[in-house]
Amino acid sequence: MKELALHILDIVENSIRAGSSFVQIAVIENPAEDQLIITISDDGCGMDAKMLEQAIDPFFTTKDVRSVGMGLSLFRQAAERAGGNMRVVSQPGSGTRVEASFKHSHIDRQPLGDMASTITMILLANPRIDLVYRHCLADDEFVFDTRAIRSVLDGVSVTSREVIQFISRMIKERQNLD
Amino acid sequence: MAKLTIAELRKIREQAKRSRNLREGEGKARITVHMGTCGIASGAREVMDALLTAMDERGIRDVLVTTSGCAGLCSHEPMVTVEYANTAPVKYAKLDGDKIVRILLEHAMEGRIVKEYALAVGSEKMS
């Protein structure tokens with residue numbers, strides 16, 4: 001993966017397949033402590049201890065079209081390569097939380113990348129889920145919440161072309177401020 | 001929420017009520033972008049971006065766009081599946097931003113399969 005936003009897209013695809021209806025993504029950048037933390041939490045079906053152990057094994061997958069499952073192991077590798085680590089917390093019926101930390105200044109840390117594209121792709125593929133994306137850079141906080149968007153939309157879908165363009169502009173505007 | 005917001009979103013809502021949804025309703029074709037780990041790592045998001053941009057620029061409203069997971073053919077990603085009217089679905093492999101626009105214009109809009117990008121055309125030959 002060329003950027004962290006692609007890992008996030010991939011992990012959220014796992015959440016969707018686990019039956020989630022609400023997904024929270026947090027990107028917390030703290031240059032003063034040289035730290036970047038990415039957290040993805042969902043309310044999907046969760047995993048038991050055995051499955052949790054298997055989930056980060058690249059030769060384990062829940063799918064039957066192939067015998068490998070690289071998503072979580074690639075994300076863990078990206079974190080470890082940049083002086084951080086990844087952990088997954090999950091219980092059956094209680095959703096899953098994936099948390100990865102990175103050394104912010106590490107030369108091998110991938111750039112965050114195009115979060116506007118990642119968020120709009122998730123929504124286009126899954127129009128019914130609710131999504132909160134929180135990006136903090138030091139003390140500055142940006143929050144995107146589909147529930148707030150829907151409350152204004154009066155029945156218009158978040159996947160309407162005009163709404164998707166609006167969401168994309170909104171997140172890009174934020175990224176340009178960084 | 002951020003500054004670019006509610007008043008503008010209300011205006012957008014009124015425009016959106018008059019236009020077609022990207023995901024719902026009837027279209028003459030459906031394009032499914034494969035978005036498994038393999039697809040994402042090899043450029044599926046860029047393919048999707050190029051597709052949506054091309055549809056916007058040309059005002060194309062009757063092609064539905066959706067996504068799916070891995071199809072088990074990871075080395076051929078990025079891939080899409082095109083279903084045109086009532087004809088059989090066609091899988092296209094190893095795509096990029098230029099190829100997907102051609103597939104949109106020729107197959108999804110006109111019903112002509114772009115054979116050179118299709119994963120397979122025809123059947124095996126006996127030797």
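What is the number of the single condition among (1) more than 10 Å from every other protein chain (Cβ to nearest Cβ); (2) within 19 Å of the chain's Cα centre (by Cα); (3) assigned to a helix (DSSP H, G or I) that A:Arg150 does not meet?
(2)
Based on this model, can you work out whether A:Ser151 counts as of a type outside the set (D, E, K, R), buried (at least 21 other Cβ atoms within 10 Å of the Cβ) and without any contact (Cβ under 8 Å) to a residue 12 or more places away in the chain?
no
Could you tell me whether any residue of the range B:95-102 is on the phi < 0 side of the Ramachandran plot, in a loop (DSSP other than H, G, I, E, B) and not charged (D, E, K, R)?
Yes; the residues of the range B:95-102 include at least one that is on the phi < 0 side of the Ramachandran plot, in a loop (DSSP other than H, G, I, E, B) and not charged (D, E, K, R).
For the condition closer than 12 Å to A:Tyr133 by Cα, within 14 Å of the chain's Cα centre (by Cα) and within 14 Å of another protein chain (Cβ to nearest Cβ), what is the one hit in A:Ile8, A:Ile40, A:Ile16?
A:Ile8
Only one residue in B:Leu22, B:Leu52 is within 10 Å of chain A (Cβ to nearest Cβ) and at pLDDT below 85, so which one is that?
B:Leu22
Looking only at residues that are among the hydrophobic types (A, V, I, L, M, F, W, C) and more than 20 Å from the chain's Cα centre (by Cα) in the range A:153-165, which one is nearest to A:Met121 (Cα to Cα)?
The extreme case among them is A:Val163.
Among the residues of the range B:27-40, which ones are within 11 Å of another protein chain (Cβ to nearest Cβ) and either at pLDDT 90 or above or under 21 Å from B:Ala108 (Cα atoms) (or both)?
B:Thr32, B:Val33, B:His34, B:Met35, B:Gly39, B:Ile40
Quick check on B:Leu64: is it within 14 Å of B:Thr32 (Cα to Cα) and modelled with pLDDT of 85 or more?
yes
Could you list all residues from the range A:44-56 that are part of a loop (DSSP other than H, G, I, E, B) and either within 14 Å of another protein chain (Cβ to nearest Cβ) or in contact with a Gly (Cβ under 6 Å, 6 or more places away or on another chain) (or both)?
Hits for the range A:44-56 are A:Gly44, A:Cys45, A:Gly46, A:Ile56.
Could you go through the range A:22-43 and let me know if any residue there is in contact (Cβ under 8 Å) with a residue 12 or more places away in the chain, assigned to a helix (DSSP H, G or I) and touching a helix residue (DSSP H, G or I) at 6+ places or on another chain (Cβ under 7 Å).
no
Yes or no: the range A:160-178 includes at least one residue that is facing chain B (nearest Cβ under 9 Å), closer than 16 Å to A:Ser21 by Cα, surrounded by 15 or more Cβ atoms within 10 Å (Cβ to Cβ) and among the small types (Gly, Ala, Ser).
no
Can you tell me how many residues within the range B:53-66 are over 17 Å from B:Glu83 (Cα atoms) and either in contact (Cβ under 8 Å) with a residue 12 or more places away in the chain or in contact with a Leu (Cβ under 9 Å, 6 or more places away or on another chain) (or both)?
2
Go through the range A:17-50 residue by residue and tally those that are of a type in the set (A, V, I, L, M) and surrounded by fewer than 20 Cβ atoms within 10 Å (Cβ to Cβ).
6
The values are calculated or read from the model by the stated rules, or taken from the named source; none is laboratory data. Small disclaimer: the values here were computed from a predicted structure and weren't measured. No Cβ is skipped: glycine too gets one built from the backbone with ideal geometry, and neighbour counts run over all protein chains shown.
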